[in-house]
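The values are calculated or read from the model by the stated rules, or taken from the named source; none is laboratory data. Values in this document were obtained by computation on a predicted structure and should not be read as measured data. As a convention, Cβ positions derive from the backbone with ideal geometry for all residues, glycine included, and neighbour counts pool all protein chains shown. These accessible areas exclude ligands, DNA and RNA; they are computed on the full protein's heavy atoms, side chains included. Shrake-Rupley method; radii C 1.70, N 1.55, O 1.52, S 1.80 Å.
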Amino acid sequence: MFVSQKKDKSDDAAAEADDQTVLPTSSPLERKSSFRVRELIKRAKPGRKAASSPAGTSDERNDDGQCNHRDKSTVAFQTTDCSQQRQGDDNIDNDKMKEKTSSNRDKSLLPVRLGGDKRQKKAVITKFSKDPHEAIEMTIQDIPEPVSADHVVIKVTASTVSLFDCLIRKGVSYEMVDLPVTPGMDVVGNIIKCGEHVHTFRVGDRVAALVLFGGNARYVNVLASNLVQVPRSCDAAETACMVSTYMTAYQALRLVTGEHFSLAGKRILITGGVDAVGQALVQLCQRAGASEVYATAPMMRHKYVQGVLGAHPLSPNPEEWPETIVKGRMHAVFDGTSQAPYHALTNDGTLVSLGESALMNQQSTPGLLGAPVSAYWARMKGNILPNTKVYDLWDSFMSNKDAFKMDFEILLHLLKKRFIKPHIAKRISLNEVAESHASLERENPRGVIVCLPWKKSSTKGARAAKDVSKC
């Protein structure tokens, strides 16, 4: 266990006071011994005593030891079954009921009907193309079975549409892709089927996962070792924003701050500040105590950057930046647009290149290995130049899954405490995935585009889904 079961009132008061601190310390090599991480776990993980549970709820899931089997290298969040919670609604005071109603408005927090839907529906990229309407089709199939004994089938309640999906469709990503493929790399949902070797999860568990492909569907196969338990109190759409968008921002920021995770007194520049990752970076930098945060954005979005994000807007063109404000004055630059503005750094400043998002500004013609040669050259320069670091989400996940999961659970804690709040541009149906690809490339949506696969389509004239179950 990370913390003792026993605690007195002074401990509770200390925990409440520590809630006002900025982002937690979480060094990859010292996570288990980190005081702040243990304090986060202490505040986020419900106790096992009946007195600590909401009135009317059952502690059967605690007594079953749902989280006891979890890998000790990750934080285990206990969840409460919604059906049990509803049985005790009469005992919950009105204030709690109002809070629950206002914070959990989407249907993803209700119990999911497992096995009641007999068809799979998903978006499929059938060919590489700049035109998403030409490349993406809707298909209908039978509900899949686990592809191996170590996989589970998830009924998806929320996924995202991201720049990475657009790169896959255009054939300019770093990943080698065989078509057809279903886009969507963030998945939140409930397990409906488990492979015979899966013992750490069970049918009905609410989970999240990072996947390269497959998210924009009603059902998806995921390796069980890639899953993280998700509390039922977390909104599905907001949780999907944590998986890749906020994780990229969080881990990229940690490349600059190290284990202390403080930007106190620092000036920060974010290129691509109105992209989904850029907005997440603005929030996290502010939470980490940065004295000033600058974000590049088109002129039409400057009021949004200043009024909503609380950052100082700059032109996307580095030549238009005021030298008295920018030149040699930034302690860190997060480069999401491949502009490499080294002139903005202080002598000991750091530039972090954000990998995939920068590819959208590269030549869009596929190279020999998918991504353009210029993109590989930009990444190589980032790995050899001084004061420069390159962050890649998938590489980070594959190199240390346990660290990735713990960082994700820290983000979930910050989300539950409302220390961070993702900006969701819109919530779409599966039939709107192609149009959302076009929207991402045509403009900068004000936040993350979330796909709700069970949402009814609002798009008129959408192409009918193709039934390939008998093909």
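Out of the total accessible area of the range 143-250 (probe 1.4 Å, heavy atoms of protein only), what percent is carbon and sulfur?
53
For the range 301-345 and the range 220-283, write down the distance between their C-alpha centroids in whole Å.
20
Just the number please: accessible area per residue for the range 225-308, 1.4 Å probe, all protein chains included, in Å².
28
Considering only protein heavy atoms, with the full assembly of protein chains and a 1.4 angstrom probe, order Asp178, Asp402, Asp392 by accessible area, largest first.
From most accessible down to least: Asp178, Asp402, Asp392.
Please say if the range 143-301 is rounded, prolate or oblate, where rounded means a/c under 1.5 for a ≥ b ≥ c the square roots of the C-alpha gyration tensor eigenvalues, and otherwise the choice is prolate for a/b larger than b/c and oblate otherwise?
Taking the square roots of the gyration eigenvalues as a ≥ b ≥ c, the range 143-301 is prolate.
If you keep only loop residues by DSSP, which GluC sites (Glu not before Pro) in the range 268-330 have at most 10 other Cβ atoms within 10 Å of their Cβ?
Answer by residue number: Glu323.
Only loop residues by DSSP count here, and only those with at most 10 other Cβ atoms within 10 Å; note down the GluC sites (Glu not before Pro) in the range 170-279 that meet that.
Filter output for the range 170-279: Glu196.
Considering only Cα-Cα distances, which of the following residue pairs are longer than 25 Å: Lys130/Lys389; Lys170/Lys303; Lys127/Lys401; Lys193/Lys405; Lys118/Lys456; Lys170/Lys193?
Cα-Cα > 25 Å for Lys130/Lys389; Lys170/Lys303; Lys127/Lys401; Lys170/Lys193; rest within.
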